[in-house]
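This report refers to the structure that appears directly beneath it.
The values are calculated or read from the model by the stated rules, or taken from the named source; none is laboratory data. Nothing here was measured: the structure is a model prediction, and the numbers come from that model. Neighbour counts run over all protein chains shown; Cβ positions are idealised from the backbone, glycine included.
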Ligand code: NAD
């Protein structure tokens, strides 16, 4: 059973402060201070030697792994990078094996969790995710890796975290710009889930609740990143968006962002934020049920316009050109995006893809 709303109690409540439950085989602990229970969570999965992976910067400091894990800490790798380069995976795996670790703890955003997934797939060790952005990757079995040929992704049950610990206090220092972009990345998961082929009643309701929480909380999050209530709502929204991503197949929007990130090196979350309104404008005529519900949630008839307005409200004003796409790459990008089949409510030719890219350029 995978009932949707983790304790939502009506429209006035932004989100639950705390819950602890099993979601499709993953133990999810959510609440301020939840990271303090990490040793107990490791004990529960039989781990004595945890290997922590994170991106450089503040995530390791936020977790303070030496103090928190004490003699359970087998090693620390702080070099996780966006899009999971294979060289990074090789370096981290060598350290994981040398440390004789029996579990991987990924602390940070999608980049740290992506590296944790690569280690879990290669070793069979359980993965514990402590997300500190809104990527939603912690709730999925979707892995990605990038080499000279580009980015490959797939689904593998070994990549799915056994335990996810959401501690909202770890998100307080996520900068406004990153919170905004990452939040719109979560929004994209939820929006594409709503018009995905084969969306179930459960994943529909999960996605709807994700959109509601993210739309309400993100403008406030960028105003005051230390507001527990809105940070909690955004994190709960990201959790639900990750679940919606896991339960459905993504469409044109995710295909575009995959290629722009993997082949052209554009930044993941910001690219999602910039592209989403344009793909929704393209898909809208073929997704009436999703558009009606989204219009209702945004209280605006034009959903693409509402998403563009939300981008602006959270301080995102970029174009694909600003994010590093060159005019001479648009044609090649359109070709690569259109070359592979993917599920989408409205079939998109190369010309259609080029038009969407140019609208976002
Ligand atoms: P990220 O993990 O690259 O983090 C961005 C930056 O924020 C990093 O420098 C990091 O150190 C910093 N940071 C993270 N948390 C922080 C905090 N609380 N306070 C201060 N700084 C913090 O960015 P992201 O957008 O979370 O993840 C992007 C990656 O995730 C991409 O590689 C993408 O492909 C992947 N992803 C995968 C899935 C999936 O289901 N497999 C879903 C979404 C994204």
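Key figures for this structure:
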quantity: Meets criteria (near the ligand (Cβ under 8 Å from one of its atoms) and either surrounded by fewer than 18 Cβ atoms within 10 Å (Cβ to Cβ) or closer than 23 Å to residue 179 by Cβ (or both)) for residue 116; calculated: no
quantity: Residue in segment 25-34 that is closer than 30 Å to residue 148 by Cα, touching a strand residue (DSSP E or B) at 6+ places or on another chain (Cβ under 8 Å), touching a residue at least 60 places away in the same chain (Cβ under 8 Å) and assigned to a strand (DSSP E or B) present; calculated: no
quantity: Residue in segment 251-272 that is surrounded by fewer than 21 Cβ atoms within 10 Å (Cβ to Cβ), on the phi > 0 side of the Ramachandran plot, within 14 Å of the ligand (Cβ to nearest atom) and in contact (Cβ under 8 Å) with a residue 24 or more places away in the chain present; calculated: yes
quantity: Residue 316 in contact with a helix residue (DSSP H, G or I) (Cβ under 7 Å, 6 or more places away or on another chain), closer than 24 Å to residue 182 by Cβ, touching a residue at least 40 places away in the same chain (Cβ under 8 Å) and not in a loop (DSSP other than H, G, I, E, B); calculated: no
quantity: Any hit, segment 50-66, residues being modelled with pLDDT of 95 or more, more than 14 Å from the ligand (Cβ to nearest atom) and over 21 Å from residue 169 (Cβ atoms); calculated: yes
quantity: Count of segment 175-185 residues which are under 16 Å from the mean Cα position of the chain (by Cα), near the ligand (Cβ under 7 Å from one of its atoms) and surrounded by fewer than 24 Cβ atoms within 10 Å (Cβ to Cβ); calculated: 1
quantity: Answer residue from segment 224-242, given it is touching a helix residue (DSSP H, G or I) at 6+ places or on another chain (Cβ under 8 Å) and free of Cβ contacts under 8 Å to residues at least 60 places away in the same chain and is surrounded by the most Cβ atoms within 10 Å (Cβ to Cβ) among those; calculated: 225
quantity: Conditions (1) touching a residue at least 60 places away in the same chain (Cβ under 8 Å); (2) within 30 Å of residue 340 (Cα to Cα); (3) within 13 Å of the chain's Cα centre (by Cα): number failed by residue 211; calculated: (3)
quantity: Cβ-Cβ under 6 Å pairs, at least 6 apart or on other chains, segment 145-163 side more than 21 Å from residue 248 (Cβ to Cβ), far side part of a strand (DSSP E or B) and within 13 Å of the ligand (Cβ to nearest atom); calculated: 145/152; 146/85
quantity: Enumeration of residues in segment 105-149 that are modelled with pLDDT of 95 or more and assigned to a loop (DSSP other than H, G, I, E, B); calculated: 109, 124, 125, 126, 132, 133, 134, 135, 136, 140, 141
quantity: Selection count where residues are touching a residue at least 24 places away in the same chain (Cβ under 8 Å) and either in a helix (DSSP H, G or I) or surrounded by 13 or more Cβ atoms within 10 Å (Cβ to Cβ) (or both), scope segment 333-354; calculated: 12
quantity: Test for residue 7: is it surrounded by fewer than 17 Cβ atoms within 10 Å (Cβ to Cβ) and either at pLDDT 95 or above or more than 11 Å from the ligand (Cβ to nearest atom) (or both); calculated: yes
quantity: Subset tally (residues that are without any contact (Cβ under 8 Å) to a residue 60 or more places away in the chain, touching a helix residue (DSSP H, G or I) at 6+ places or on another chain (Cβ under 6 Å) and at positive phi) for segment 96-138; calculated: 1
quantity: Single match in 152, 158, 100 (criterion: surrounded by fewer than 24 Cβ atoms within 10 Å (Cβ to Cβ), more than 12 Å from the chain's Cα centre (by Cα), part of a loop (DSSP other than H, G, I, E, B) and away from the ligand (no atom under 11 Å from the Cβ)); calculated: 100
quantity: Neighbours by Cβ (under 6 Å, 6+ apart or cross-chain): first from segment 166-190, more than 28 Å from residue 20 (Cβ to Cβ); second near the ligand (Cβ under 8 Å from one of its atoms); calculated: 181/269
quantity: Complete set of residues in segment 66-89 that are in a helix (DSSP H, G or I) and closer than 18 Å to residue 126 by Cα; calculated: 69, 72, 89
quantity: Tally of residues being under 19 Å from the mean Cα position of the chain (by Cα) and closer than 18 Å to residue 237 by Cβ across segment 25-55; calculated: 5
